[in-house]
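Before any comments, here is the structure.
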Amino acid sequence: MSGKKEVIQLKKVAKHYHLGENIVRALDGIDILINEGEFVSIMGPSGSGKSTAMNLVGSLDAPTHGKIFLDKKDISKFSESDLAQLRGKKIGFIFQQFNLINNLTARENIALPMMFQGASESERLKKADELLKMVDLGDRGSHYPNQLSGGQQQRVAIARSLANDPEVILADEPTGNLDTKTGQIIVSFLENLHKKGKTIVMVTHDPALAQKYSDVVYWLRDGKVEKITKKRRK
Amino acid sequence: MRADHFFLSLKNLKHRGLRTWLTLLGIFIGVTVVIALIGLGNGLKLTVEAQFGVSSLEVITVQAGGLNFGPPGSGVSIPLDMDDLEAVKGVNNVDYAIRRNLETLKLEYNDRLVIGTAIDLPEDKEEADVFYEALDLEIEQGRKLKESDTNKILLGNNFLTNKVDLGKPVEAGDNVKLNNKSFEVVGLLEKQGSFILDNIAIMPRTKLDDLSDFGDEIDMIIVVLKDTELIEETKEDIEKVLRKTRDVDEGEEDFDVSTPAAALETVNQVLTGVQIFIVIIALISVFVGAIGIINTMTTSVMERRKDIGIMKAVGARNSDIFLQFLIEAGLLGLIGGLAGVVFGSIISYFGVVGIASFLGTEVSPSLDIPLTLITLVVSFIIGAAAGIIPAIKAAKQNPVEVIRG
Ligand SMILES: Nc1ncnc2c1ncn2[C@@H]1O[C@H](COP(=O)(O)OP(=O)(O)OP(=O)(O)O)[C@@H](O)[C@H]1O
Ligand SMILES: [Mg+2]
């Protein structure tokens, strides 16, 4: 996959938490490179730093040490508001706990990221309805999250992650709260997006899943990259 | 972008519980009190104005005795006389000085008897016109009384609407007896909103004199000015000349020269003390209300930490979060204020109607629109101001801490 554009790069990134006297080294100097169009999986035991890494990849969090580049630009140089705009535009998040806003309907949840990019209401609702159809929830737009099953909520979350047509989708254990069958539906959605050219980064505990879909797998242990496995697909 | 923040704020307000609305009680009470108080104050002024029977604010009235809220002429004092009238006529800037006599008479109609008040129409044509104009008298039925009419009278609106205890309405063309003498009613006045004028009988001066023999005694002088700007100066000049003709010292006047504005001033002074006290209470409750909003917003920020994290993850800037919470707090203030405006207006409506009917006048209370708008804007601003600190807290919320499992 050489010659591909670098979308996100973490260089010698560390994230430390101070808990009283102790320092928790959630990440301890890792290098991650994500190229355009790749399906990247992050694996590792619980507490190894996968979620921490994802948040840094998505520029939701700032590293204690090291540098993060988005499109080869050092994100520490961006202002808070520029970074938020860039994140909203380039990156879509999917979480294990779905993380939909309970006071908003499915349609409104999906439209939310577009609001922060300044899209007009009619534009937003039109796009939201298209995305609802895409995740097979065309008739559920006016339902609130608590009226939807876990799998349906996660599909709404996928639709939301696509609202601004981001280049990169970050999915932190998207199937973690779902049964195997529903999980497979979710992953197949991600695989579809990948085929359409999106860059996917997924945290998973399931080696089979990682094996099956990813171009690259980062194995984390104790805040460090233990190994990287690459695969020639197709 | 603004409209969208409003949308999110409204969405969140819809999901708020009873506790939130209770915290708005402070703003609600404060605004209710302010609106009710100002409405009552204004209504009272209008009522007093109507009660004076002078709708034009540019007329000066002179009466014997001190300031007197009862029917004119009921005070016990040396009446005004022709010398006083001539003196007033001689004052600079006085265009017309018209004498008025008010007399209490027996009025008979439909075999019933009531006690009524009659005033005289000036003999002079020009003065008669000024008289109609100064009191703003219009005819509802029949015609005006002319200075040349003899056994004819004009009656107040209450006769036409059967509000006088005569069993049936009096109409133009009917005959009534005043102090046992028969008079033809030539016309009836439009509603004036004044107890006196709505129950009045107007008749030519000589006839009224025949009935009650007041001779040169004058109950009241109506003064119409050339230049109404100089009303205060003219009032002082009139007082000066009357002190001379009536031979009294300054401070010991046995007469009263009043402008409607001055009379209202007296009412205002009485109101002011009460107003200050109530406004302080209103301010305290608005202050308590603001603390309530700080409180409920802080709680709300805590409860919605996760939503804030999610919004940041999908691209919300700190300023978006800040604005959303600020507007939400402002809307809370606005809702409290709106409820207060509605409730306060209701109180002032019934208050004014009550006072007016107690005093026998009729006033249509009106909503003070600029005041209402200002109150609503201020309510929003108070709410938003109370929301600043919670909104900053919300904006600073670190997203990763909350969106993790
Ligand atoms: N805010 C925090 N304060 C203190 N320690 C933290 C914080 N966030 C994460 N950690 C610690 O950092 C380490 C890595 O956490 P992280 O959530 O990244 O693990 P993970 O690989 O995602 O685990 P899991 O598979 O259970 O989700 C853990 O030891 C965790 O306790
Ligand atoms: Mg995790």
Find all pairs meeting these conditions: Cβ atoms under 7 angstrom apart; at least six residues apart or on different chains; first residue within the range B:140-159 and touching a residue at least 40 places away in the same chain (Cβ under 8 Å); second residue acidic (Asp, Glu) and in a strand (DSSP E or B).
B:ASN151/B:GLU184; B:LYS152/B:GLU184; B:ASN157/B:GLU140
Scan of the range A:203-212 for residues that are under 16 Å from the mean Cα position of the chain (by Cα) and either at pLDDT 90 or above or open to solvent by 50 Å² or more (accessible area, probe 1.4 Å) (or both), ordered by number:
A:VAL203, A:THR204, A:HIS205
Select the helices (runs of 4 or more DSSP H) contained entirely in the range B:315-405, then report the ones holding at least 2 residues which are among the β-branched types (Val, Ile, Thr) and closer than 26 Å to B:ALA282 by Cα.
B:318-359, B:369-396
Within the bounds of the range A:75-83, is there any residue that is more than 16 Å from ligand 1 (Cβ to nearest atom), in a loop (DSSP other than H, G, I, E, B), free of Cβ contacts under 8 Å to residues at least 12 places away in the same chain and more than 7 Å from every other protein chain (Cβ to nearest Cβ)?
yes
Do we have B:ALA282 as hydrophobic (A, V, I, L, M, F, W, C), open to solvent by less than 60 Å² (accessible area, probe 1.4 Å) and either within 14 Å of chain A (Cβ to nearest Cβ) or more than 27 Å from A:MET114 (Cβ to Cβ) (or both) here?
yes
Quick count over the range A:42-95, residues being of a type outside the set (Asp, Glu) and within 16 Å of ligand 2 (Cβ to nearest atom), is 21
So which of B:ILE60, B:ILE78, B:ILE27, B:ILE35 is surrounded by 22 or more Cβ atoms within 10 Å (Cβ to Cβ), modelled with pLDDT of 70 or more and not in a helix (DSSP H, G or I)?
B:ILE60
For B:ASP174: the one exception among (1) surrounded by 14 or more Cβ atoms within 10 Å (Cβ to Cβ); (2) closer than 30 Å to B:LEU225 by Cα
(2)
Quick test for you: out of A:ILE23, A:ILE32, pick the one residue that is open to solvent by 70 Å² or more (accessible area, probe 1.4 Å), among the β-branched types (Val, Ile, Thr) and either touching a residue at least 40 places away in the same chain (Cβ under 8 Å) or over 28 Å from A:GLY197 (Cα atoms) (or both).
A:ILE23
Which listed residue, of B:ALA290, B:ALA313, B:ALA282, is in contact with a Pro (Cβ under 9 Å, 6 or more places away or on another chain), assigned by TED's automatic domain parsing to the domain that holds B:SER379 and small (Gly, Ala, Ser)
B:ALA313
When residues of the range A:88-105 are limited to those that are assigned to a helix (DSSP H, G or I) and open to solvent by 20 Å² or more (accessible area, probe 1.4 Å), the one farthest from the other protein chains (Cβ to nearest Cβ):
A:LYS90
Looking only at the range B:111-130, count every residue that is open to solvent by 70 Å² or more (accessible area, probe 1.4 Å) and under 27 Å from B:LYS168 (Cβ atoms) and tell me the total.
4
Scanning the range A:162-179 residue by residue, those open to solvent by less than 10 Å² (accessible area, probe 1.4 Å), under 24 Å from A:GLY44 (Cα atoms) and away from ligand 1 (no atom under 16 Å from the Cβ) turn out to be A:VAL168, A:ILE169
Test each condition in (1) open to solvent by less than 20 Å² (accessible area, probe 1.4 Å); (2) modelled with pLDDT of 85 or more for B:GLU108 and report the one that comes out false.
(1)
Scanning the range A:106-127 residue by residue, those within 8 Å of chain B (Cβ to nearest Cβ) and assigned to a loop (DSSP other than H, G, I, E, B) turn out to be A:PHE116, A:GLN117, A:GLY118
Across the range B:8-20, the tally of residues that are touching a residue at least 60 places away in the same chain (Cβ under 8 Å) and farther than 17 Å from B:LEU326 by Cβ stands at 1
Taking A:ILE200, is it under 19 Å from A:PHE39 (Cα atoms), open to solvent by 50 Å² or more (accessible area, probe 1.4 Å) and of a type in the set (A, V, I, L, M)?
no
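The values are calculated or read from the model by the stated rules, or taken from the named source; none is laboratory data. Please read these numbers as outputs of a predicted model, since none were measured by experiment. All Cβ positions, glycine included, derive from the backbone under ideal geometry; neighbour counts span all protein chains shown. When the accessible area is computed, the model is the full protein with side chains, heavy atoms only, and any ligands, DNA or RNA have been set aside. Shrake-Rupley method; radii C 1.70, N 1.55, O 1.52, S 1.80 Å.
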